[in-house]
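In what follows, a single structure is set out as structure tokens and then discussed.
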């Protein structure tokens, strides 16, 4: 089956699984605080599809590879937005607690890579090897400046707002949580670089 699959398909599936884990971690937080997420998860599955697990070869529809992956991306993004929005609405968790979960996930991802050196451009590439933000050809992120000391970029169009609007959520929460993930990821590396997003939406990786 792997003969039908390319690196980009595994690349996308890896990112899907990361976001599935983020949902699990947020739900685990709420459950640990005494909030029963059973009905919430069931509703999210009914509305937006079941989560995917296991090896890509075992679950993908080989007759519609691109369509299957796109559906899985929409599913996990909508479920993430729905679960977080509902938990926040019901005061089951706090935004600061969710941000910490995203941050820790980023830390774990970087620790798994064990990167001790590299340029800011390398870290930028690695961020979007983990975070969902369209395909490379979508040109969602525009690099503004890139040197050996820092890289800055901005998001030219948002691919996430529709998902959060659909569940009556705030996409601003998503970007704050993703900032926490990127911060944990970059700041944990042994490169000496840190991440910052300015109030005007400019993202920067630079040495402290």
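The values are calculated or read from the model by the stated rules, or taken from the named source; none is laboratory data. Quick caveat: nothing in here was measured; it's all calculated off a predicted structure. Positions of Cβ are generated from backbone atoms using ideal geometry, with glycine treated the same way; all protein chains shown enter the neighbour counts.
What to note about this one:
- The set of residues from segment 80-100 being closer than 15 Å to residue 28 by Cβ and buried (at least 19 other Cβ atoms within 10 Å of the Cβ) comprises 80, 83, 84, 87, 92, 93, 98.
- Pair list, Cβ < 6 Å and 6+ apart or interchain, from segment 32-49 residues that are touching a residue at least 40 places away in the same chain (Cβ under 8 Å) and at negative phi to residues that are surrounded by 10 or more Cβ atoms within 10 Å (Cβ to Cβ) and in a helix (DSSP H, G or I): 37/27; 37/30; 37/31; 40/86
- Scan of segment 117-161 for residues that are in a helix (DSSP H, G or I), under 30 Å from residue 86 (Cβ atoms) and out of contact with any helix residue (DSSP H, G or I) (no Cβ under 9 Å at 6 or more places or on another chain), ordered by number: 138
- Apart from one condition, residue 111 fits all of (1) surrounded by fewer than 15 Cβ atoms within 10 Å (Cβ to Cβ); (2) more than 26 Å from residue 71 (Cβ to Cβ); (3) at pLDDT below 95; the exception is (3).
- Selection count where residues are surrounded by 13 or more Cβ atoms within 10 Å (Cβ to Cβ) and free of Cβ contacts under 8 Å to residues at least 12 places away in the same chain, scope segment 142-166: 2
- Across segment 39-55, the number of residues qualifying as modelled with pLDDT under 95 and closer than 15 Å to residue 71 by Cα comes to 2.
- Residue 136 satisfies every condition listed in (1) under 21 Å from residue 170 (Cα atoms); (2) within 18 Å of the chain's Cα centre (by Cα) except (1).
- For residue 126, the conditions (1) out of contact with any strand residue (DSSP E or B) (no Cβ under 8 Å at 6 or more places or on another chain); (2) farther than 16 Å from residue 19 by Cα are fulfilled apart from (2).
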